[in-house]
1. Quick check on my link table: of Lys113/Lys257; Lys78/Lys292; Lys258/Lys292; Lys172/Lys257, which ones sit more than 24 Å apart, alpha carbon to alpha carbon?
2. So what's the angle, to the nearest 10 degrees on a 0 to 90 scale, between helix 272-281 and the longest Cα principal axis of the chain?
3. Using modelled backbone amide H atoms (1.01 Å from N, in-plane), which distant-in-sequence or interchain residues come within less than 5 Å of Lys81's amide H?
4. May I ask you to list the aspartates and glutamates whose Cα is less than 12 Å away from that of Lys152, ignoring any residue fewer than eight positions away on the same chain?
5. Report the charge-dipole magnitude of the chain in Debye, nearest 20, computed about the Cα centre from +1 at each Lys and Arg Cβ and -1 at each Asp and Glu Cβ.
6. Order 3-16, 175-188, 80-93 from most to least packed using the mean count of other Cβ atoms within 10 Å.
7. Please work out the average accessible area per residue across region 154-264, using the 1.4 Å probe convention, and give it in Å².
8. If you stretched the chain out fully between Tyr168 and His24, how much longer would it get, using 0.36 nm times the residue separation minus the C-alpha to C-alpha distance?
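The values are calculated or read from the model by the stated rules, or taken from the named source; none is laboratory data. Note that this is a predicted model, so its numbers are computed, not measured. Don't worry about glycine lacking a Cβ; one is built from the backbone with ideal geometry, like all the others, and counts go over all protein chains shown. Quick note on the areas: whole protein, heavy atoms, side chains included, nothing else; ligands and nucleic acids left out. Shrake-Rupley method; radii C 1.70, N 1.55, O 1.52, S 1.80 Å.
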Amino acid sequence: MGSSSATPIFNRNPSSQALNINEHFYLIDCGEGTQQQMLRFDIKPSRIDHIFISHLHGDHYLGLVGLLSSMHLNGRVKPLKLYCPPELKEIIDLQLKYSDTTLQFEIDYYFTKPDAPEMILDSADITVETIPLDHRIPTTGFLFRQKRRLRKLIKEKIEELNIPIEYYSPIKKGADYVAPDGTVYRNDELTTSPEEPKTYAYCSDTLYNENYFKQISNVDLLYHESTFMHNMVERARSTHHTTALQAGRVAMLTNVKKLLIGHFSARYKTLNELLEEARNLFPDTELALEGKTFVID
Ligand SMILES: [Zn+2]
Ligand SMILES: [Zn+2]
């Protein structure tokens, strides 16, 4: 929903992404204007139960208090999980205090730490780990790993053998079935394999730094910030950002399947040169543009 660094410009919004895993939506960063983008792209706030904020530069969270206010005004009562640097609670509390607002729903905070990777969510569907990044203020990326789903029953076969329902659960977990007459039906006759679990790594904002390479290696999809062209590498270094060429290098060295680049500087009206630069080192690169959907397969 947002591919711009620092300020909104050229129809590009500050950082925000919606990740759909098994029809559960996860919001990653929430720059200014994210609510409008959610309306535009039909991402319903009521479907979001987990929000991840990488760091406290405004381009990554200034849309959050607005979104929380709207959730409140629209009658939300179910709790919201917010993964963020601890100081964000202070900011939110202060804004609510001076608008004399008591949210109707609870915010369940998880405070991220920038020094070492940490498992911050472990649900039936996924795990999420922080990725410690190297930026001017404490910053973490997020690594989403889908869990392996159960095996899928072959409906016709189950019906044909008239298998009682209490056997479904063990069969989905891989058990064979022994019929009353003693015949053994192997699990692979009764089920098909689930899809391979997918992984997604979100890395924004950071200096090019190999410390997190091991953690993100081999992911299916890597989003990496790519604020500048490489002729600005000195500026990237001094502001703790990455160039497009370096983003391509990260993807190449970590052997990921696909790369998305974003967090583009306002100095670039068009983005093709950034894309070409990253593709020099990693051909399977795309721009993480507003409104684009990428299917991880
Ligand atoms: Zn930023
Ligand atoms: Zn930043």
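1. The answer is Lys113/Lys257; Lys78/Lys292; Lys172/Lys257.
2. 60 degrees
3. His50, Ile51, Asp108
4. Answer for Lys152, where 12 Å is the Cα cut-off: Asp188, Glu189, Glu195, listed by chain and number.
5. Dipole about the Cα centre, nearest 20: 280 debye.
6. Packing order, densest peptide first, comes out as 3-16, 80-93, 175-188.
7. The answer is 48 Å² per residue.
8. Full-extension gain reported as 49.4 nm.
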